Structures are given as C-alpha cells and as structure tokens.
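Engineer: Questions regarding the structure given below will be posed in turn.
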Amino acid sequence: MRKMRTSLRPWRAAATALATVLLVGSVAACGNSDTGGDAGSGSDKLVLGFSQVGAESGWRTANTTSIKEAAAEAGIELKFDDAQQKQENQIKAIRNYIQQKVDVIAFSPVVESGWDTVLKEAKDAGIPVILTDRAVDSADKSLYKTFLGSDFVKEGRLSGEWLVENKKSATGPVNIVELQGTTGSAPANDRKKGFAEAIAANPNLKIVASQSGDFTRAGGKQVMEQFLRANPKIDVLFAHNDDMGLGALEAITAAGKTPGKDITIITIDAVKDGMQALADGKFNFIAECSPLLGPQLMDLAKKVHAGEEVPPRIETEETTFTPEQAKEALPNRKY
Ligand code: AHR
C-alpha cells in the first residue's frame with residue numbers, strides 16, 4: 001500500500017501542474033477572444049498580419065515601405081509576408097495568420113477571384129479582414145470589413161480621355177498596343193475597362209495588340225519586343241504601370257524608334273523613375289496611383305479591432321501628370 005501511495009504522488013503532482021497550465025491557458029484564450037486574438041508574442045500590441053502581393057514594381061516597393069513604416073509609427077506589431085505574386089502563397093499566409101490568432105488580417109490580393117473559402121475561415125475565426133490596394137470579386141461583402149485603395153477604372157479612363165484629346169486631329173487609324181498588368185488582377189481588369197470605354201469616343205483609336213507584362217520591367221520589355229516585331233505601325237503604348245512602360249522603353253529604343261515621339265506613351269503609377277521618364281519626354285502622360293496606404297491602413301486596423309464601423313470602400317486621392325507637371329513634382333517626390 002505504502003509503495004503504491006508513493007508511486008501515485010508524482011502522478012498527482014503532474015496532474016495538478018497540467019490542470020494549472022490548462023486553466024491559465026483557457027483564461028488567456030478568453031482574453032484573446034475579447035481582443036480578437038493574440039498572436040502569442042506576449043506583447044499587448046495590436047497584431048496585424050499582412051500578405052503583400054510581391055515586389056514586382058517600384059510602386060509595390062513604395063507600398064511595402066509605407067506599410068512597414070506606418071505600423072512602427074502606430075505601435076502595431078506587423079507580421080509581413082511576401083507572396084511572390086502567387087495566390088497560393090497568399091492563401092497559405094492568411095491561414096497562418098488565422099492559426100496564429102492575429103488581431104487583424106490585411107492583404108492586397110494578387111488576383112480578384114478565388115478568395116471566398118479562406119475569407120470565410122477568417123470570418124469564422126472572428127478575425128476582421130481589410131483589403132488594401134486591390135479588390136476581390138466575392139459576392140458576400142461580409143467576408144471583409146473594408147477596401148482601401150484606388151479607383152483603377154478611373155485611372156484607365158483618365159488615360160484614355162487624355163489620348164482622345166491628344167489625338168483629336170488624327171485623320172486616320174491610331175494603332176494602340178496595351179501592356180496589361182497581372183492577368184486576373186483588379187488593376188489589370190479595371191484599367192483595361194476604363195481605357196477602352198474612354199477611347200470609344202474616337203473610332204480612329206484602335207487597340208491592335210494587348211498582352212500581360214505582369215507589372216514588371218522585364219515583362220514590359222519582352223512583350224513590347226513582340227509587339228514591335230508583329231506590328232509595323234505602333235502609334236501609342238498604354239502600359240498599366242510605369243515599370244512595364246520603362247521596360248518597353250528599352251525595346252522601343254533598340255528598335256530604332258524614339259519613345260515619346262514616334263510612339264506616344266501613357267502609363268499609370270507616377271513613381272520616381274516613371275516621373276523622370278515623363279519629365280525627359282520619353283513618356284507623355286501618367287495617371288497617378290498612390291502606394292502610400294500605410295497610415296490609413298493602420299487607422300483602419302485599429303478601428304476594426306475596436307469594433308468600430310468603417311466605410312465599406314475608401315478611395316485614395318490621385319491626380320494626373322503631363323511632362324511639365326512631372327518636372328515640377330519630381331523634386332518633392334518621395335517614392
Ligand atoms: O495594384 C497596384 C498595381 O500593382 C500598381 O499599379 C503596379 O505598379 C503594382 O504592381
């Protein structure tokens with residue numbers, strides 16, 4: 001008997017210790033659910049899990065910097081993941097954030113479709129989601145709290161309207177080639193749409209070739225080379241971002257043509273390198289898309305975490321630039 005008693009003591013002690021751990025754990029879990037979850041860092045800072053598209057362009061680099069700086073400024077613990085332009089990587093990152101019980105998830109979706117399942121998982125876990133920069137096409141708007149970013153259709157439309165005005169005295173066909181952004185992404189879909197709607201005002205303006213350059217310089221150069229080989233007369237290039245336009249400049253110059261003169265070039269973004277090309281007369285027009293979303297995102301993260309109502313869509317203020325305006329703006333351009 002005695003012996004048996006002695007052998008039970010360590011077991012009892014272990015059971016007591018385990019019960020204590022479980023109790024403490026469950027109290028902590030209750031605290032987490034009050035605050036929308038705790039990623040377990042031990043700090044009481046709001047934890048934001050952010051899944052970035054990648055590092056495909058100057059715009060994206062500026063956007064990442066803005067988000068990291070704003071998080072530090074706002075005292076928010078940022079968990080950052082670069083998806084390298086792959087949707088499956090973003091889904092994996094979001095699932096990791098759910099598992100870690102972060103307080104808020106934000107992401108810039110690489111493409112528009114295919115998010116319902118993972119967004120539902122976040123909703124079921126009680127973690128609010130903010131879309132930044134790019135939208136999703138989910139019919140169920142309750143899967144996310146808000147969208148913060150640009151009106152991409154407007155950017156395309158402003159580009160097209162400028163072209164209609166610039167070519168109003170053309171008497172014959174004006175051949176346009178279009179470098180599209182990442183296939184299936186909101187900016188590629190919307191900019192294409194806005195531009196096509198605007199140029200419909202002048203039947204002389206015709207898109208003779210349109211292909212994706214994936215928002216990269218390398219993609220822009222490679223696709224422009226193909227366009228130049230296949231189309232003897234190209235009057236206009238509409239590139240969905242500066243980087244593809246900058247890549248295309250190399251192809252145009254190599255083909256013995258003068259960018260900005262032989263071929264009118266319109267791009268979107270207005271990052272420093274794009275603005276320099278515009279000031280130098282190599283580009284002719286840029287519609288701005290602002291990457292400086294960090295401070296607004298942090299405000300929204302705090303609000304949704306606190307359970308405050310936020311508007312379903314918040315659009316960034318943007319402008320357009322001619323070469324003269326680019327020269328003026330360049331000295332103060334931050335990115
Ligand atoms: O979603 C915004 C777009 O993505 C920017 O125009 C482009 O440069 C970036 O890669």
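Every number in this text was worked out from the coordinates using simple rules, so none of it is lab data. For clarity, every value in this text was computed on a predicted model and none was experimentally measured. Backbone-built Cβ (ideal geometry, glycine too); neighbour counts: all protein chains shown.
Engineer: Evaluate the relative contact order of region 152-289 (contact order divided by residue number), counting alpha-carbon pairs under 8 angstrom at least 6 apart; express in whole percent. Walk me through the intermediate numbers first.
Structural biologist: Details: 293 pairs, mean separation 34.6, N = 138.
About 25 percent, as a whole number.
Engineer: While we're on this one: Where does helix 2-34 land angle-wise versus the long Cα axis of the chain, in degrees 0 to 90, nearest 10?
Structural biologist: On a 0 to 90 degree scale, this one is about 40.
Engineer: Given points 7 Å out from each Cα along the Cα-Cβ axis, report the GLN226 to ALA254 separation in nanometres with one decimal.
Structural biologist: With each label placed 7 Å out from Cα toward Cβ, I get 1.5 nm.
Engineer: What lysines sit close enough to LYS303 to cross-link, taking a C-alpha to C-alpha distance under 20 Å and skipping anything fewer than 8 places away on the same chain?
Structural biologist: Cross-link targets: LYS45, LYS68, LYS79, LYS101, LYS123, LYS141, LYS145.
Engineer: Taking only C-alpha pairs under 8 Å that are 6+ residues apart, what is the relative contact order of the chain in percent? Don't skip to the end; give the middle numbers.
Structural biologist: Details: 654 pairs, mean separation 56.2, N = 335.
With pairs under 8 Å counted, the relative contact order is 17 percent.
Engineer: Subtract the Cα-Cα distance of GLU315 and SER169 from 0.36 nm times their separation in residues, and report this length gain in nm to one decimal. Intermediate results must be reported in sequence, preceding the final value.
Structural biologist: Working: separation 146, 0.36 × 146 = 52.56 nm, distance 3.46 nm.
Result for the pair: 49.1 nm of gain on full extension.
Engineer: With θ set to phi - 60° and the Karplus curve 6.51 cos²θ - 1.76 cosθ + 1.60, what are the ³J(HN,Hα) couplings of region 44-56 in order, to the nearest whole Hz, using x for Gly and Pro?
Structural biologist: Using θ = phi - 60°, the values come out as 9, 6, 5, 10, 10, x, 10, 10, 8, 4, x, 9, 6 Hz.
Engineer: Let me ask something else about it. What does the convex hull of the Cα atoms come to per residue for the chain, in Å³? Don't skip to the end; give the middle numbers.
Structural biologist: Numbers: hull volume 52.4 nm³, N = 335.
Convex hull volume per residue, Cα atoms: 156 Å³.
Engineer: For the chain, give me the percentage of DSSP beta bridges that are antiparallel, rounded to the nearest 5 percent.
Structural biologist: On the way: 2 of 41 bridges.
Looking only at bridges with both residues in the chain, the antiparallel portion is about 5 percent.
Engineer: Kindly express, to the nearest 10 degrees and within the range 0 to 90, the angle between helix 217-230's C-alpha long axis and the longest C-alpha principal axis of the chain.
Structural biologist: 40 degrees
Engineer: Could you grab the relative contact order for region 263-302? Cα pairs under 8 Å, six or more apart, rounded to a whole percent.
Structural biologist: Numbers: 34 pairs, mean separation 16.8, N = 40.
Relative contact order, region 263-302: 42 percent.
Engineer: Using a 10 Å cut-off on Cβ atoms, rank the peptides 186-195, 88-97 from the highest mean neighbour count down. List each step's numbers first, then the result.
Structural biologist: Values: 186-195: 23.8, 88-97: 19.0.
Going by the mean number of other Cβ atoms within 10 Å, highest first, we get 186-195, 88-97.
Engineer: Distance in nm between label sites at ASP151 and ASP137, each 7 Å beyond Cα in the beta-carbon direction?
Structural biologist: Inter-label distance under the simple model: 2.2 nm.
Engineer: On to the next question. Please list the non-local residues whose amide H lies under 5 Å from the amide H of LEU46, H modeled 1.01 Å from N, same-chain partners needing a gap of 5 or more.
Structural biologist: GLU77
Engineer: Once you've got the GNM for the chain with C-alpha springs shorter than 10 Å, pick whichever of ALA139, ALA287, ALA301 has the biggest mean-square fluctuation.
Structural biologist: ALA139
Engineer: Need one number for region 152-289: average projected area of the convex hull over its C-alpha atoms, nm². List each step's numbers first, then the result.
Structural biologist: Working: hull surface 28.0 nm².
The directionally averaged projection comes out at 7.0 nm².
Engineer: Using helices alone, I'd like the mean residue ellipticity at 222 nm for the chain: each DSSP H run of four-plus residues gives -39500 (n - 2.57), total over residue count, nearest 500. Display every interim value, and only then the final one.
Structural biologist: Values: 11 runs with 155 residues, N = 335.
Here the helix-only value at 222 nm equals -15000 deg cm²/dmol.
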